[in-house]
Each structure stands twice: as C-alpha cells, then as structure tokens.
Amino acid sequence: MTPDLILKGGRLPNGEIADIAIEKDRISAVEPAITAEAKETVDISGNLVSPPFVDPHFHMDATLSYGRPRINASGTLLEGISLWGELKPLQTEEEIAERALAYCDWAASKGLLAIRSHVDTSDENGLKGVRALIEVREQIKRYIRLQLVAFPQDGFYRSPTARDCTLRALDLGVDIVGGIPHFERTMEDGRQSVTELCEIAATRGLMVDMHCDETDDPLSRHIEQLAFETQRLGLQGRVAGSHLTSMHSMDNYYVSKLLPLMAEAQVAAIPNPLINITLQGRHDTYPKRRGMTRVPEMLQYGIRVGFGQDCVMDPWYSLGTADLLDVAFMGLHVAQMTSPADMHRCFAMVTSESAAIMGLEDYGLEKGCRADLVVLNAADPVEAIRLRADRLMVIAGGEIIARGEAANMRLNLPERPESVSPRRPL
Ligand code: FE2
C-alpha cells in the first residue's frame, strides 16, 4: 500500500536516524531508508522526531482562568484554593469547555497530544467541569487523548458532597479515581479515604491517581497506604501518586523502607516540578526546601516517574504555555539530573514514561503505533530540553495538524554574522 506520508531522515530519541512511513492513522514502517513513494514526503533530516509529549497531571477545569474573578496576589497554594472556591460557582459549563478547547489548541501546537486531567468532583459546581470536559474529551479525540480523573478536591470526607459527586462523576464516564488524603481533616480520615477510593477503583476496574502528600509535612505518609492498598487489591501498575512532595522532607531511614514498597506495588510517581518548586517550602525561611519529591532515588528503585505540568494560568499558577519541555527543564534542574543519561531520562519523563503511566498502549515509534509525532528544531532530546525547541511539525492520527518554523532573529552587528542559531554546531 502507498504510504500517505513519509518523514525522511529524522533523528529518533534513541539517536538512530530513520525514515518513518505513515498509512492512515498508523506508523507503517520505521527503517533506515524507505524507498516507496508516498502521497507526501517531508525531509526532516537534522531534526529530532519523537512520539508526542504527554502530560500525566493537569487541571483542565481551571486552566486559562487567570484573573477570574481576581488574581492570586500572594501566589500561594492556600490563596489559590480560596480563589478556586470563588471561581467555581461563577463559571459555566460553556466557559469551562471554551477555555479547555483553547488550551488544547495550545497543546496541539506544542505536540502535547495526551493529557491526564483531574477534575473537581467536590460538589455540584465541580460537576459542571465534569460534564464540560467529557464533552471536550469527545471533541478533541482525533488529536488529543484526554483522560479524566475524578478529584474530590475539597476532601472526599471533608466536603459533605464529595463522596456522592465523585461517584456520580465516575457514573458519567470519568476514567480514573482520584483523591487528596493529606487534605482530609485527620491522618486517619486520609488513610481511610485512600482505602475506600482504591476499593471503588478495584470494583469498577479503574486506575487510581491521587494527589498524595502535597505538603511539606514529613509525617504526611499516605503514599504508604496507597502502596499497601495497591498490593491488597491487585491494582499493581494501575496506580499513581501525584506530587508526593512530603517525601522531600521525610526522614531518610523511613524513605529507605518506603521506596521499595512503592516499587513492589508498581505505584508510579508524578511530580510536577514547576508547581512543586513554587508552592512548597513557603513556610520556610532559609534554607528553603525544594519541595519536589525524590526523583533520582525513585528511578534507582525502578519506580516509574512522569513529570506533569499541573497548572497553566489558573488560580495556582500564573504562567505556563502547554510546553512539556518547560516542565522537563525545571525538573532536570530541581532534581539535579544533569548527567547525559539523566537528561535523556527527563525527556522520557515527558514522553514515553508518562505514556506508560497513562496506559497508552499504541504510543511510540514502532510499526503499528498510532501516528502521533512531533518534529523539533533540535538534534536530540537534550538539545530539545536546552532550547525548549521550536516545533516544526505536529502529526496526530497520521494528519499534519500543525507546522511551525524555527524562530529567526537577525543580528545587526558590524562584522558579525546576520543569522545566529542557538543550536549546537554540528
Ligand atoms: Fe494537581
């Protein structure tokens, strides 16, 4: 069969140079030299071609709401929570959907083609977001795979309506069970919420992704219970703990027991470097803690880690552009993962590792995988992170959905070249 599209000479994340043939919505061949004629052929030699970026942790019901009804003046987590409480009753389903679609345009243009979004299920106002995002999930499925997590943000037990609304959200078609054990009234309530929410997931055959221990309190240890329930209920490989920031502050001896338990239960971790570095450690004077969980140590134990973005222009974070390379860049710095192997690993943590956490089975660059690809103005994954490289082409389901150009600034300096590129000289 004639391929619809052939990309010639791109560099894969593993360093190999290959041609990629696409038929309909699938990759039909990845070989050193494909001689077949295609309906369209694009020369991408010298540029990195990767499976798309994947964001395993986001809040699409809040994104792009910056300034509504007011800005977060202190920039703190607590003011963000109260601001969200002000915004929720004001926003309509239409408004949430419109903002989410606008965000997905940003994401598509950056080659971010799979997103796991938590959606508030604390009360009736939260269910507006559930209904809006279920609709959006359908509208964008041709180019973005959106997973939704039922997230009782005000506390599964602490909010009187959260339990009922969370179950209703799952009945409506939300994909994954969330939670927020550290925000319940007591440690015991937090522990119990982990147990009940994991049981709900096991009964319904769903995955679990909890905001877990997003605090600087070293005694916030709900991740231990999450690993235990994962084992008890046979949920291995289907559970993630998001944030896990308290681990930054935990006693080292305790962590040496905890990490093997997480590895044994195959519980994945989803730190959110941009948010963790700005929201945690706020009660500290100096030295200030970093507030990101122990990523290199987790990797040593074989725990799967994916970096998430968490927020873009919402009550908690005023910045962000849907660029997972920003996330990898910050994560690399905060975790001090600066060896060549570690930097490559950081790229994987915003692509293939996060895809594995989300269970995206036909993700990748092998024959038969879904033809979702991004071409970057970079020689390799490390250069892509260094430059937060321009996207030259985004392909979703075999279709070119975005084309871009390398940013081009012209110098006007005597006896210096007119054109300058930050790419590594070849
Ligand atoms: Fe979050």
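Just so you know, all these numbers are worked out from the coordinates, no wet-lab data involved. Quantities reported herein were computed from a predicted structural model and do not represent experimental measurements. Ideal geometry is used to build each Cβ from the backbone, glycine not excepted, and the neighbour counts take in all protein chains shown.
For a straight C-alpha distance cut-off of 26 angstrom, the lysines reachable from Lys24 (same-chain residues fewer than eight places away being disregarded) are Lys8, Lys39, Lys110, Lys141, Lys367.
Name the lysines eligible as straight-distance cross-link partners of Lys288: C-alpha to C-alpha under 30 Å, and not fewer than 8 places from it in the same chain. Within the straight-line cut-off, Lys288 pairs with Lys257. Mean residue ellipticity at 222 nm, helices only, the chain: -10500 deg cm²/dmol; runs of at least 4 DSSP H residues each add -39,500 (n - 2.57), and the sum is divided by the number of residues.
Stretching Asp284 away from Leu78 to a fully extended chain increases their span by 72.6 nm, per 0.36 nm per residue minus the current alpha-carbon distance. Remark: segment 114-128, residue by residue, has Karplus-estimated 3J(HN,Hα) of 8, 9, 9, 10, 6, 9, 4, 10, 6, 7, 4, 4, x, 5, 4 Hz, where x stands for each Gly or Pro and the curve is 6.51 cos²θ - 1.76 cosθ + 1.60 at θ = phi - 60°.
For the chain, the antiparallel share of DSSP beta bridges with both residues in that region comes to about 45%.
Taking the square roots of 5 times each eigenvalue of the Cα gyration tensor of segment 209-269, largest first, gives ellipsoid semi-axes of 19, 12, 8 Å.
The value of relative contact order for segment 146-240, using C-alpha pairs under 8 Å at least six residues apart, is 26 percent.
Computed over segment 53-357, the alpha-carbon pair-distance distribution with 10 angstrom bins reads 7, 30, 39, 21, 3, 0, each value a whole percent. Think of the chain as having a plus end and a minus end, set by charges on the Cβ of Lys, Arg, Asp and Glu; of Ser159, Ala169, Leu112, Leu112 sits farthest toward the positive end of this dipole.
Using the Cβ-Cβ distance between Arg142 and Leu219 with R0 = 30 Å, the FRET efficiency computed as 1/(1 + (r/R0)^6) comes to roughly 0.05.
Of the peptides 53-64, 11-22, the ranking by mean beta-carbon count within 10 Å, highest at the top, reads 53-64, 11-22.
For segment 53-357, a simple Cβ point-charge model (Lys and Arg +1, Asp and Glu -1, everything else neutral) yields a dipole of about 520 debye relative to the Cα centre. Ranked by the mean number of other Cβ atoms within 10 Å per residue, highest first, peptides 359-366, 205-212, 103-110, 298-305 order as 205-212, 103-110, 298-305, 359-366.
If the chain linking Ser421 and Ala33 were pulled fully straight, counting 0.36 nm for each residue of separation and taking away their Cα-Cα distance, it would gain 136.8 nm. I want to make sure I understand the PRE zone here: with the label point 7 angstrom from the Cα of Arg204 toward its beta carbon, which residues in segment 142-156 have backbone N atoms less than 13 Å away? Inside the label zone: 148-152.
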